[in-house]
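Below is one structure, written out as structure tokens; the observations come after it.
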Amino acid sequence: MNMMTQAFDKTAALYRTGTQGQAGLGTVMKGVTAVAKTNQTAGIEWADFARQSLAEGTATMKKLAAARTPQAALEIQTAYLKSSYERLVAQAQTMRELYTGLAGTMKPQGTGAKLPATV
């Protein structure tokens, strides 16, 4: 079950509990809002990443078309792979930070629960 489905299931359960659920409903709605904002930000980040990847891939193909020797083509490909890897690692770090922040906001209040360490 995905995070959004779980949040909506919790909202429905809290709504059924009556007045006690009203305070809980506000908390759940804050959580749903946090999830929505994080997912929107992640979508924007991925769209930017895809746009940059396409632009870099296009530029690399133009360079490869102009390469005169196999050695030059290999150097172009090596540089492209290295920069692509570095961009992907940076993108993964950005996504990790986004969702770690979301997990911190979704942590139950008033509990001693700790978030698991990341790998």
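The values are calculated or read from the model by the stated rules, or taken from the named source; none is laboratory data. A quick note: this is a predicted structure, and the numbers were derived from the prediction, not measured. Neighbour counts are summed over all protein chains in view; Cβ atoms, including those assigned to glycine, are modelled from backbone coordinates with ideal geometry.
Any idea how many residues of region 50-84 are surrounded by fewer than 14 Cβ atoms within 10 Å (Cβ to Cβ) and not in a helix (DSSP H, G or I)?
2
Looking at the structure I just gave you, is Ile44 within 21 Å of Ala103 (Cβ to Cβ) and either assigned to a helix (DSSP H, G or I) or touching a residue at least 60 places away in the same chain (Cβ under 8 Å) (or both)?
It is true that Ile44 is within 21 Å of Ala103 (Cβ to Cβ) and either assigned to a helix (DSSP H, G or I) or touching a residue at least 60 places away in the same chain (Cβ under 8 Å) (or both).
Mind listing just one residue for me: the one in region 87-119 that is modelled with pLDDT of 65 or more and among the β-branched types (Val, Ile, Thr) and, of those, nearest to Asp48 (Cα to Cα)? I'd like the intermediate steps shown before the answer.
From region 87-119, those modelled with pLDDT of 65 or more are 87-108; that's our starting set.
Add one more test, that the residue is among the β-branched types (Val, Ile, Thr), and what stays is 89, 94, 100, 105.
Working: Val89: 15, Thr94: 12, Thr100: 20, Thr105: 25 Å.
Among those that are modelled with pLDDT of 65 or more and among the β-branched types (Val, Ile, Thr), it is Thr94.
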